[in-house]
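Trainee: If you scroll down you'll find the structure; I have some questions about it.
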Amino acid sequence: MSTMSTQTATAQLPQAIEPRNDGIKLDLDWVSSVQVNTSAVERRAATLSGRRSVKKDFQAAWLLKAISCIDLTTLSGDDTEHRVRRLCAKAAQPVRADLLEQLGLPDLTTGAVCVYHDMIPAAVKALDGTGIPVAAVSTGFPAGLSPMHLRVAEIEESVKAGAEEIDIVISRRHALSGNWQAIYDEMKAFRAACGDAHVKAILATGELGTLRNVARASLVCMMAGADFIKTSTGKEPVNATLPVTLTMIRAIRDYHERTGFRVGYKPAGGISKAKDAVTYLAMIKDELGDRWLQPDLFRFGASSLLGDIERQLEHHLTGAYSAAHRHPIG
């Protein structure tokens, strides 16, 4: 694996202003030509963690990079404004101040805070002045089965409330039946409703049946103008996996090569260990390159991941593992 120092891993690359993905006309010939060699994808994914290992300062650097790319998330039925305020405080100070001082990164924050629509005002107020955007799940999350006009209205209301990023869910039934025009049309409508807010298209990959469907759905959402494609709602039986990630980021690479537009990627659901975060980052670096290691093009959808990363960073500095309660995440 290519190694990074702490400074290199966490520094922002010089950021040219990336043009948003304006999308292209639906190209069904391109979509139908997409195939996935499932066994080859699974072999590549299975060998990645065994062949990629980083230790000591380099591991700390990768973990700090992971923090900067986390969408710190709470999507529970018992969410309260108090819980959201605490989560926002953690997003602004993701690691204990004394640890960050020793690591030389006192101003580190997470990439965003992700909440339900009702919690947007509390999150916006709590994050005022931090520069951390609020992301909101929308369009009848997690099933995406509410009437179309209500899904569009929900986006508009969330943007009006202050959300700068909208995580929408596609209609999985369209992907399962191969109705790519329907997915394209709804994604176009969602993108238009978002206005200046960036839109992440959640594919719910655990419900799409095959990696070929995942690849085709990824491509169609990008053609319709998605700024990010995202694996899961976190509510499916199977969420983010390495084979799905490899399939989706290769679709991103192909789309960029053909159109020039860079589209972001967000794995979500089930990523709770620091070592798994490093593996995902390594795959992104190998397949897409350093530019995609910045928060404007890569995010983890996670909640408990941050706690494990903080424990690993304290171990790096002290040589001992602390109790989890020393690192509350919200």
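Trainee: Limited to the stretch 76-91, what total is found for residues that are outside any loop (DSSP other than H, G, I, E, B) and farther than 15 Å from K65 by Cα?
Mentor: So the answer is 10.
Trainee: So which of A193, A161 ends up being farther than 24 Å from A40 by Cβ, modelled with pLDDT of 95 or more and buried (at least 20 other Cβ atoms within 10 Å of the Cβ)? Don't jump to the end; show me each part of the working.
Mentor: Working: A161 fails: buried (at least 20 other Cβ atoms within 10 Å of the Cβ).
Of A193, A161, the one residue that is farther than 24 Å from A40 by Cβ, modelled with pLDDT of 95 or more and buried (at least 20 other Cβ atoms within 10 Å of the Cβ) is A193.
Trainee: Okay, moving on. Hey, among T139, T130, which residue is touching a Phe, Trp or Tyr at 6+ places or on another chain (Cβ under 7 Å) and either open to solvent by 40 Å² or more (accessible area, probe 1.4 Å) or not in a helix (DSSP H, G or I) (or both)?
Mentor: T139
Trainee: Being at pLDDT 95 or above, open to solvent by 60 Å² or more (accessible area, probe 1.4 Å) and within 22 Å of the chain's Cα centre (by Cα) is the filter here; which residues of the stretch 1-32 pass it?
Mentor: Within the stretch 1-32, D22 is the sole residue that qualifies.
Trainee: Moving to a separate point now. Scan (1) modelled with pLDDT of 95 or more; (2) of a type outside the set (D, E, K, R); (3) farther than 23 Å from L246 by Cα for the single condition Q35 breaks and write down its number.
Mentor: For Q35, the failing item is (3).
Trainee: Is it the case that some residue within the stretch 75-86 is closer than 21 Å to A277 by Cβ and either open to solvent by 10 Å² or more (accessible area, probe 1.4 Å) or modelled with pLDDT of 95 or more (or both)?
Mentor: Yes, there is a match, as at least one residue in the stretch 75-86 is closer than 21 Å to A277 by Cβ and either open to solvent by 10 Å² or more (accessible area, probe 1.4 Å) or modelled with pLDDT of 95 or more (or both).
Trainee: Another question, then. Among what's in the stretch 171-184 and is within 13 Å of A201 (Cβ to Cβ) and of a type outside the set (S, T, Y), pick the residue that is surrounded by the fewest Cβ atoms within 10 Å (Cβ to Cβ). Full working, then the answer.
Mentor: First pass over the stretch 171-184, keeping only residues within 13 Å of A201 (Cβ to Cβ): 171-172, 174-175, 183-184.
Those left that are additionally of a type outside the set (S, T, Y): 172, 174-175, 183.
Working: R172: 23, H174: 18, A175: 25, I183: 26.
My answer is H174.
The values are calculated or read from the model by the stated rules, or taken from the named source; none is laboratory data. Since we're looking at a predicted model, the values are computed, not measured. Don't worry about glycine lacking a Cβ; one is built from the backbone with ideal geometry, like all the others, and counts go over all protein chains shown. All accessible areas refer to the heavy atoms of the entire protein, side chains included, with ligands and DNA or RNA removed. Shrake-Rupley method; radii C 1.70, N 1.55, O 1.52, S 1.80 Å.
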